[in-house]
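Have a look at the structure below, then the notes.
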Number of protein chains: 2
Amino acid sequence: MKNLSDLTYGIVGFGLMGGSLGKAIRENVLSVSSASGKILAADINEASLSLAREQHIADETFLISKVDSMLCQCDFVFVCLYPHATLEFLIQHKNNFKPGSIVTDISGVKSEIFSRLNEILSGGFDFIPGHPMAGSEKEGYANSCGSIFKNHNYILMPLKQNKIENLELFKQLVSLMGFTRIVETDAFVHDHKIAFTSQLCHVIASALVDSAEDSKITAFGGGSFEDLTRIAMINAPLWTELFLANKKELLLHIENFEKSLNELKGFIEKNNASSLKSYLENVREKRISMSRIEVKV
Amino acid sequence: MKNLSDLTYGIVGFGLMGGSLGKAIRENVLSVSSASGKILAADINEASLSLAREQHIADETFLISKVDSMLCQCDFVFVCLYPHATLEFLIQHKNNFKPGSIVTDISGVKSEIFSRLNEILSGGFDFIPGHPMAGSEKEGYANSCGSIFKNHNYILMPLKQNKIENLELFKQLVSLMGFTRIVETDAFVHDHKIAFTSQLCHVIASALVDSAEDSKITAFGGGSFEDLTRIAMINAPLWTELFLANKKELLLHIENFEKSLNELKGFIEKNNASSLKSYLENVREKRISMSRIEVKV
C-alpha cells in the first residue's frame, strides 16, 4: 500500500476548509522526517496562495485557471469548492486528474453529485465522495486551522467501483488528521441526516437571530443565545446553495421541528406543568444518551 | 464602606449556582490574607454540605430547617432556590435576616417576586433583586465551579429603597467574582429580555432534540447540533417552573421566532435564492454586530 507521507496532495479551493485540510495534512502526515510528500494548492485568491507558501503549508500553488498542471501531479485530490462548483469542476476536469489518483469532495449535499456520477467516473480516477464534519463560522484561508478536525466525524460514501486499498488509505489519512469516527453510508442517508444535524441547525440559528428585537440583546445573554447562534455568522452564498440543494430533506426536518416546538408551546399555553416536565425529562434523557455516543467515539 | 473580605456571606441553596457563587467568593474575595470574612451555606442535601466543608468552601453549614440561625449572622445573603421557593423563602424568613443586611436572589423570572415585594420589604433588610447570567447543563454542588462567571453579565434590578452604598458593594462583589458587565434594569425588562436570551433558547434546544429521529444522529454531527442542544440536558423541574412563570413573554418570543422561521422556510420552499441569500446576509451582519457587543464588555 502507498505511504501517506510520500504522496502528493492537491487541494482545489484553499479557503477555510481547504486550508484547514492542508494544515492538518502538513502537521500530522507530512511532519515525519522521512516524508517526501507535497501539498499543492489551487485557488482564485492570490493573496491566500501567497500566505500558504510563506507559511510552508503549500509547497506549490496554482491559480484555478492553471489547475490542470497541478491535477496531473497529484495522488490525492480534495476538491473544496461550493456544491455546484464542485460538480462542475469534477466534470470539466475529469480528464486532467492523474490516472489512478484518489479524488474526493467535501460537499455538504451529495444528491446532485450522485445524479451525475457516471460523467465524473468516466475520468479514470478513483472518486470517493466524502464530507468532513467540521467547520467554523469564519471564512477564508487566513482563518483555517489544522486542529478543527480533532475528535470530529468524517462521512464517506464509497462507491462499488472504489478500490479497497484506496478506501483504506483514505481512512488512514483522516484518522491521522484527527478525525475519530469514520461513518460509511450512502448519499441519500447522508443528505437526510445532514439536513438535520447541519442545515436545520443553521436555519434555526438564523431564524433566532432574525427574531431578535435588537443587537443589544446580548447584554442579557448568559451563553445560551450565544452558543445557539454562533453559526448564524453564516456564509450566505454557501448556505443558500446548501439549503436549496437539499431542500426536500431540509423541509421535512423543519416541519418535524415545528411539530415538536408546537407541542412544547401548547403545554406552556395550557399551563400543563406535568406534560411540560415529562417532555423536558424525555429530552434530557435523549440528549444525554447522545453525548454518551459523542464521548464513546 | 464595608470591606468585602470581612463580610459574612450566607448562601441558601448550595447546588450548582449557590456552590459556584460560594467558590467564586472564596477564590476571589476571601483569598486575601487579611480576610476575616466567612461563607455559611444552607441546603437540604447533607452530602453537599459536607463536601463544601471538606473543600473549605463553606466555613459552616446548616440544614435548611436550621437556616434562621445562619441568616441572623450574615451581612450578605444569596437565596439560590427555584423561583417559587425563593419567593416563599423570602417571605417566610423575612424577620430572621440580620437587620440591615443585603439580601439578593438569583431567580430567572422576577414578576412573581415583584408582585409581592411589599411583603418581602417589610423584613428590615436591603433586598436587591439580581440575576447572574451564567450556568451549566450540569446540576448540584459537585458540578459547581467558581470560574463559570468569568466575562459574564450580572443583571441587577435595584429598588428605590436600596441604599446606594449597598448597591455599590454588590457591584464591587460581582466584579471581583468575574462578571464583566453589570446591567441595571427593572423586572419587566428583565423578564422580557430573558424570555428571549434564555428561555426561548431552552425551548428551541429542547424541541430540536425532541424532533431528532434517534440518538445516533450525532454520528453525523459536526458540532452545530451539539452546540445548539447542549442546554437540552435540561433540569426539567426548574425549567418547567421558569417557562410557566414567564409564560406571557416567552410565548411572545416563540411566536416571533416562528414568524422568522416561517419566512426563511418560505424562501426555501419557493426556491427563492435571492431573498434567502439576503435574509442570511442580514442575519450574518446582525449576529456579527452582537459579537462586537460581546467583545466590547
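Read-outs: derived from the displayed coordinates by stated rules, not from any lab. Predicted model, so just to flag it, every value in this text is computed and none were measured. Cβ atoms come from the backbone with ideal geometry, glycine included; neighbour counts cover every protein chain shown.
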Residues of the stretch B:240-263 with backbone N under 16 Å of the label point set 7 Å from the Cα of B:HIS84 along Cα→Cβ are B:240-247
Roughly speaking, what % of Cα-Cα pairs in the protein assembly as shown are separated by over 46 Å, rounded to a whole number?
27 percent
Förster radius 30 Å - calculated FRET efficiency between A:GLU27 and A:ALA47 (Cβ-Cβ, nearest 0.05)
0.85
What is the projected area of the convex hull of the Cα atoms of the stretch B:4-185, averaged over all directions, in nm²?
9.2 nm²
Using a Förster distance of 35 Å, how high is the FRET efficiency between B:GLU213 and A:GLU165, based on the Cβ-Cβ distance and rounded to 0.05?
0.50
Hey, if you put +1 on the Cβ of every Lys and Arg and -1 on every Asp and Glu Cβ in the stretch A:4-185, which of A:LEU117, A:ILE64, A:SER144 ends up farthest toward the positive end of that dipole?
A:LEU117
I'd like the distance between the alpha-carbon centres of the stretch B:183-220 and the stretch A:111-175, rounded to an integer number of Å.
34 Å
Cα-Cα P(r), the stretch B:106-181, percent of pairs per 10 Å interval:
16, 43, 32, 9
Taking B:SER224, B:SER36 and counting other C-beta atoms within 10 Å, the order from fewest to most
B:SER36, B:SER224
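Run the numbers on the stretch B:190-296 and let me know its relative contact order in percent, using alpha-carbon pairs under 8 Å that are six or more apart.
31 percent
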The percentage of Cα-Cα pairs in the stretch B:143-254 separated by more than 21 Å is 55 percent
Kirkwood hydrodynamic radius over Cα pairs of the stretch A:26-68, then Stokes diffusion coefficient at 37 °C and 0.692 mPa s, in µm²/s
299 µm²/s
Mean Kyte-Doolittle of at least 0.5 plus a Cα span of 15 Å or more along the axis: flag which DSSP H helices in chain B meet both, please.
B:164-177
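Direction-averaged shadow area of the convex hull around the Cα atoms of the stretch B:190-296, nm²?
Quarter of the Cα hull surface area: 8.6 nm².
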Given unit charges at Cβ for Lys, Arg (+) and Asp, Glu (-), the dipole magnitude of chain B about its Cα centre in debye, nearest 20, is 700 debye
In nm, give the distance between the simple-model label positions of B:ILE91 and B:LYS138, each being 7 Å from the Cα along the Cα-to-Cβ direction.
3.6 nm
Counting only DSSP beta bridges with both residues in the protein assembly as shown, tell me the antiparallel percent, nearest 5.
15 percent
The size of the Cβ-based charge dipole (Lys, Arg +1; Asp, Glu -1) of the protein assembly as shown about the Cα centre, to the nearest 20 debye, is 280 debye
For A:SER5, A:SER107, what's the fewest-to-most ordering of other Cβ within 10 Å of each Cβ?
A:SER5, A:SER107
Dipole axis of chain A (+1 Lys, Arg; -1 Asp, Glu on Cβ), positive-most option in A:ASN45, A:LEU276, A:CYS74:
A:LEU276
FRET efficiency, A:HIS56 to B:ASN118 (Cβ-Cβ, R0 56 Å, nearest 0.05):
0.20
Cβ-placed point charges (K, R +1; D, E -1), dipole of the stretch A:63-211 about Cα centre in debye, nearest 20:
220 debye
